[in-house]
Amino acid sequence: MIIAANFKTNHTRAATQSYLEKVTAYIAEAEITDEVMVFPPATALCGSRGGVTVGAQNAWATENGAYTGEIGTEQLDEFGIRTILIGHSERRHILGESQTLVAEKFAYFKALGFRIVYCIGEPLEVRDAGNEALMAYLAEQLEGIDLAYANLVIAYEPVWAIGTGRVPSENEIELIHGALAKLTAAPLLYGGSVKVGNAADILALKHVDGALVGSGALDADDFCRMIAAAKQINKQEV
């Protein structure tokens, strides 16, 4: 399984370092073999360590250049970062990234061999329009994306569930992940109001290969509990 924490615009460099110390210590103590990722803000980027892959929440499709407010691979290379989030709903809907731009970023980082956690998800009005409209919407978010890319991970995050405490039913999650599993062999993560209380149930669902967690993972102890839930599920499957 893959358990990932997206800090968004949270935590300082010092707080991130403290967080990573707790998580890496837990991974060693509990002998965790699942893949653990942490995506801190750009000011807190650092090298991966102790079983935790540190990734970037965003970068421009460039090595360097005149892109005020952005970072490129020159900055990522300083920390040996080879994992990146692309297509997150907040970058699409709040910051206005078009599918064309998202696909360009994907192509750029794919050419460099990055591990890409590619995010898709629908707003509430699309969900309410029914499954046909929902799948058409998700298909649009996959345009220009190589679904056979070996380093691809897909994170399904319904926009209306992010940070709201609302979560699709288990049946709804399984249906969407099942449909996505027919399109790609990439691991499929669920995201959207994942927290300690529901992580185990979500991770146990068919076609769910892990979770991308936002605010529910800001506390290191809570994140470790989710990692423990994934380990327990793996034990039951063996």
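Taken together, the values in this text are just the output of simple stated rules run on the coordinates, not laboratory data. As the structure is a prediction and not an experimental result, all values here were calculated from the model. In this analysis, Cβ positions are derived from the backbone assuming ideal geometry, glycine residues included, and neighbour counts consider all displayed protein chains.
3J(HN,Hα) couplings calculated from phi for region 58-64 with the Karplus curve 6.51 cos²θ - 1.76 cosθ + 1.60 (θ = phi - 60°) are, in sequence order, 6, 7, 7, 7, 7, 7, 6 Hz; Gly and Pro show x.
Each Lys and Arg contributes +1 and each Asp and Glu -1, all at the Cβ; summed about the Cα centre of the chain, the dipole is approximately 300 debye. Extension gain, residue 93 to residue 172, is 26.2 nm, computed as 0.36 nm per intervening residue step minus the present C-alpha separation. For the chain, build the charge dipole from Cβ charges (+1 Lys, Arg; -1 Asp, Glu) around the Cα centre, then report which of 71, 156, 54 sits farthest towards its positive end. Result: 54, furthest along the dipole toward the positive end. Taking a 20 Å limit on the Cα-Cα distance, which of the listed pairs 8/206; 195/231; 22/231 fall beyond it? Result: 8/206 exceed 20 Å. Proximity of backbone amide H atoms, modeled 1.01 Å from N, is registered between residue 210 and 2, 190 at under 5 Å, excluding neighbours fewer than 5 places apart on the same chain.
Average projection, convex hull of the Cα set of the chain: 12.2 square nanometres. Amide H to amide H, with H built 1.01 Å from N, residue 115 comes under 5 Å of 83, 84, counting only residues 5 or more places away or on other chains. Taking Lys and Arg as +1 and Asp and Glu as -1, the other residues whose beta-carbon sits under 11 Å from that of residue 222 total +1. Using Cβ point charges alone (K and R +1, D and E -1), the dipole size of region 8-114 about the Cα centre works out to roughly 220 debye.
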